[in-house]
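Only one structure is covered here, and it is reproduced in the block below.
Each reported figure results from applying straightforward, stated rules to the coordinates on display, with no laboratory input. Quick caveat: nothing in here was measured; it's all calculated off a predicted structure. Positions of Cβ are generated from backbone atoms using ideal geometry, with glycine treated the same way; all protein chains shown enter the neighbour counts.
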RNA sequence: GCGGAUGUGGCGAAAUUGGUAGACGCACUAGACUUAGGAUCUAGCGGAGCGAUCCAUGGGGGUUCGAGUCCCUCCAUCCGCACCA
């Protein structure tokens, strides 16, 4: 009897698709367009695991569905091929990262093709290729040549700014620029040298070199962006990160903070995703208040969202990095303050982040004056105030702010209550809003009315202005690495200039090694003649997010050699209709892409402001790791026995309810085994040794484990040191492993390769099963237990249309009423499911369909 | 601490708008067939009970003719941000 031979079937059709370019998409059509996009992968050496294709399968289903529904579908794939792992491998081996990268890409493509995606491979992009990064560099140049005009609320060419400066100086300009931007008249501007003018323009450009405090990771030898740091250590590798002042290229993403926030409202993204971006941008409304300092000319400015609590201010706090600290410190306090500032400086970012509970600070000796009631208030320095947010100075209101309250309690500073009702509480900060009292002109008002009144009062009297603050910082754009896009800029003295457009791409030079130079310069410092017209070229390269911030536009017109993409074509395709990828890019890629896309829109280079109309975040497929329990010995002997106890035994030891008899049996076995070990290696391990020692779980390759039972033979050959391992089994003769759900990763030995599934069950089974596993957006561990059911389903479908001898057969017999009913119900339900991206239920729907047809004893080859 | 999500059989899950809870699949049980397979088919499969019935969607309370779904409250797990003034 003929079998469902998925290998032949899939091979035949995949070849047919490739040969006939079935999925090649045209850039014009009478049909409506649909752009379905996956987040393109970084081609790592480990290859794809079963988690990667989850989103790809979903977007492929939608793409195929939309094609059948009469859409012209753009469904491309490519590779984000600049990145750290290839470079680290290059450092170890000396091999050029391009070689590893291209090998990895080749493997990824084979794996992807095995799964049968309907990609238009003619549009593939690889971001490390000069014909791609040429345009990444070109976009960088546009950013350099732009400034953000707050009056028109968009980015404009720098020439419009220069013209304005020439005719009326800086007075009429309302731009996003650095805090220390100078003011000048047209005459002054015109009298300056070109160099002086260029220096001023750097305060306005959307990308610019700047001396900035950055996150420096010594282990990786590079700076990192805020979104590349988790818990004070690098996201990649978990290395410590320190604060360091360095010259860096920056991107003025803060110019777009408000629009990035506002536009979220109109995007069809999940609420959690929008919330994440909203929090990251961190807009808060409030005001800046000025506090004169007693017997001093300085005026401290503090940002607050709660000016209504101004009468509750009992002290001020400055960040330890604040530049006025030494000037505001009195002679008596000098030693103490200097010691504190020095100590704070030496605290690593990590310490500062993990240790948020402890309170520390020091009094400067100076007093500020509360502008509302002229009360003198002591000025303190404390590291709970951040230099990078607001003004780096805080007006402390211990009665309504938890941190201020903690600080006041610790240093015994006064607490003035200002909200009615808080006097009844042990901790007054539990009541933050209400009717104000003890508050002079604000008495009797509710908090929100009082906020308004306080701001008005401050503005009328000239000691404050309403102000909006953002948490988001300008993005650091430099990486001290080799394997990235060179920055197309060179320096005349301090002043950066762009290379001529006709000289793009600025190709990566060859270097002898990929480490920093002896003098600590980035790897590009090793290149011979890394100059442009005799001037030194920039030594840092671009960060990973540069290339991925516009690749979705390149797919539209991937082989264009005269532009990053033709405007007519980007207008035709417009927004990505469906973008699928993980949540981990919420505050990185997805924000930067929106920024660049918005910028290109402002400059008229594309016709849509937001890149991704609908976003779906597929959940991660996790791995199920297996553990063996290893006894750890300490001692001076060079060689130690590898002793593993089965999970049941470990559990009972830990609960100390191992029976005497069980223990005797185990000890007997161990004694024998250890005896022969001791004889062989002249050591003296004893049973007592084992029972008291620490037992730690060790990851075991999941291919050596089935249903938590270890294949002991396979385990012993896994690694040389396990060859003579002593393995203590359960009473039933099995070694039982523990298991845990973790991220799927090589280092946990829990990776499942899609190739293996395809080999055994076929691509269609893999695809259906991944969808059947559960809701797309949910995190779920991979297990292969249910896969037979899906395979059976496909076999049943095949059998419906093939005779006993395997011949394909379609009957022209009239379908019965019941059969038609089943058919139409299935079509309707499956369509609804796909439209609402519920892929697991749509698979179920097809299964029910086949079951019903079987129950109706439907004819073979029923065409319905 | 702030923000968000989730919680339903032995397991993965379904129930789209408040309307028969557990579709579909896995595992399991019994049976049939047999060329003995990692095959196929039939039936059963939340709990209690011989049964009619009763009890079940993390716990408690509420709205409603009717609640897995809405409201309040508590608990657990996961994720994001985290001294952001």
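As an equivalent ellipsoid, the range A:777-864 spans semi-axes of 26, 18, 9 angstrom, where each value is the square root of five times an eigenvalue of the C-alpha gyration tensor, largest first. Annotation: the residues A:600, A:800, sorted from fewest to most other C-beta atoms within 10 Å of their own C-beta, follow the order A:800, A:600.
Got a sec? Which residues in the range A:84-124 would a label at residue A:18 touch, if it sits 7 Å along Cα→Cβ and we count backbone N under 20 Å? It comes to A:102-124, nothing else.
Across chain A, the convex hull enclosing all Cα atoms gives 261 Å³ per residue.
Can you tell me what percent of all Cα-Cα pairs in the range A:203-354 are more than 27 Å apart? So the portion of pairs separated by more than 27 Å is 47 percent. Spatially, the range A:107-178 and the range A:545-583 are offset by 12 Å when compared through their Cα centroids. With each label modelled as a point 7 angstrom along the Cα→C-beta vector, the residue A:98-residue A:389 pair spans 4.6 nm. Sorted largest first, the principal axis extents computed over the alpha-carbon atoms of the range A:458-575 equal 64, 48, 26 Å. Against the main long axis of the alpha-carbon atoms of chain A, helix A:763-772 sits at an angle near 60°.
Between residue A:821 and residue A:69, the C-beta separation translates, for a Förster distance of 25 Å, into a calculated FRET efficiency of about 0.65. When its C-alpha radius of gyration is set against 2.2 N^0.38 Å (N residues), the range A:434-498 gives a value of 2.26. Rounded to the nearest whole angstrom, the semi-axes of the ellipsoid equivalent to the range A:349-446, taken from the Cα gyration tensor as √(5λ), stand at 25, 17, 12, largest first. Spin-label model, residue A:461 to residue A:584: label points 7 Å out along the Cα-to-beta-carbon direction sit 5.4 nm apart. Sequence-distant contacts, meaning Cα pairs under 8 Å at least 6 residues apart, place the relative contact order of chain A at 13 percent. Residues A:548, A:191, arranged from fewest to most other Cβ atoms within 10 angstrom of their Cβ, appear as A:191, A:548. Shown here are the Rg and Dmax of the Cα trace of the range A:707-829, at 22.1, 70 Å. If you sort the three axes of the alpha carbon gyration tensor as a ≥ b ≥ c, you get a/c of 1.5 or more for the range A:150-281 and a/b no higher than b/c, which makes it oblate. Angle between the Cα long axis of helix A:158-168 and the longest principal axis of chain A, 0 to 90 degrees, nearest 10? Between helix and principal axis, roughly 10 degrees. A crude spin-label estimate for the pair residue A:529 and residue A:346, with each label 7 Å from Cα along the Cβ direction, gives 4.9 nm. In chain A, the longest principal axis of the Cα atoms and the axis of helix A:402-411 are about 60 degrees apart.
Ordered by the number of other Cβ atoms lying within 10 Å of each residue's own Cβ, fewest first, A:537, A:68, A:425 fall into the sequence A:68, A:425, A:537. Sort the range A:575-710 into rounded, prolate or oblate with this rule: let a ≥ b ≥ c be the square roots of the eigenvalues of the Cα gyration tensor; rounded if a/c is under 1.5, and if a/c is not under 1.5, prolate when a/b is larger than b/c, oblate otherwise. In terms of gyration-tensor shape, prolate. Between residue A:491 and residue A:263, what is the FRET efficiency for a Förster distance of 45 Å, r being their Cβ-Cβ separation, to the nearest 0.05? About 0.80, to the nearest 0.05. Where a ≥ b ≥ c are the square roots of the eigenvalues of the C-alpha gyration tensor, would you call the range A:219-299 rounded, which needs a/c under 1.5, or, failing that, prolate if a/b is larger than b/c, or oblate? In terms of gyration-tensor shape, oblate.
Averaging 1/r over every pair of different alpha carbons in the range A:776-825 and inverting the result gives a Kirkwood radius of 14.2 Å. Taking only the alpha carbons of the range A:36-126, we obtain Rg and Dmax values of 14.9, 52 Å in that order. Quick check: the distance between the Cα centres of the range A:457-506 and the range A:584-620, to the nearest angstrom? If we compute the Cα centre of each part, the gap is 20 Å. Kirkwood analysis of the range A:632-728, using all unique Cα-Cα pairs, places the hydrodynamic radius at 14.5 Å. For n ≥ 4 DSSP H runs only, could you compute -39500 (n - 2.57) per run for chain A, divide by its residues and tell me the 222 nm figure to the nearest 500? Result for chain A: -10500 deg cm²/dmol, rounded to the nearest 500.
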